[in-house]
Amino acid sequence: MAQGPEEQEGGQGPAEVNLSHDLDMVPIFQSQTVDAELDADNIRGVLESNGIASVLETSPVASLGFEVFVARADLERAQALIAEALEAGPEAADEAEAESENPQ
């Protein structure tokens, strides 16, 4: 039987619905460059490895680019993580990958 929004699982009173805008999805990356898909995948990897969920939106026309979205509540932390990854550069990513492949 379908459950109305006013019911919780198990029929225990009204469910609490978060009506704040903290869960609104906001863009954190947009690009139409040749490397846009690779950049978007790398950004999503950084975010998700740090516990931030993201959504990748692609256009049916490849030249219109790629966008990565995060919840508004995660935006500042996500921006900081991306800035940190860019500052560390590709060498840091290679080192992290090598460490993950060699358990101690």
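Inspect all residues belonging to the range 72-84 and state whether any of them is within 11 Å of the chain's Cα centre (by Cα), assigned to a strand (DSSP E or B) and modelled with pLDDT of 75 or more. No, the range 72-84 contains no residue that is within 11 Å of the chain's Cα centre (by Cα), assigned to a strand (DSSP E or B) and modelled with pLDDT of 75 or more. Picking from residues in the range 48-95 that are acidic (Asp, Glu) and exposed (fewer than 12 other Cβ atoms within 10 Å of the Cβ), the one that is farthest from residue 32 (Cα to Cα) is 95. Against the definition (of a type outside the set (A, V, I, L, M, F, W, C) and under 21 Å from residue 83 (Cβ atoms)), how does residue 63 come out, yes or no? No; evaluated as a whole, the condition is false for this residue.
The set of residues from the range 15-25 being surrounded by 12 or more Cβ atoms within 10 Å (Cβ to Cβ) and either at pLDDT 95 or above or more than 20 Å from residue 75 (Cβ to Cβ) (or both) comprises just one member, 15. Looking at the structure I just gave you, is residue 77 closer than 20 Å to residue 23 by Cβ, in contact with a strand residue (DSSP E or B) (Cβ under 7 Å, 6 or more places away or on another chain) and of a type in the set (Lys, Arg)? No, not satisfied.
The values are calculated or read from the model by the stated rules, or taken from the named source; none is laboratory data. All values derive from a computational prediction rather than experimental measurement. A quick note on method: Cβ atoms are made from the backbone with ideal geometry, for glycine too, and the neighbour counts reach across all protein chains shown.
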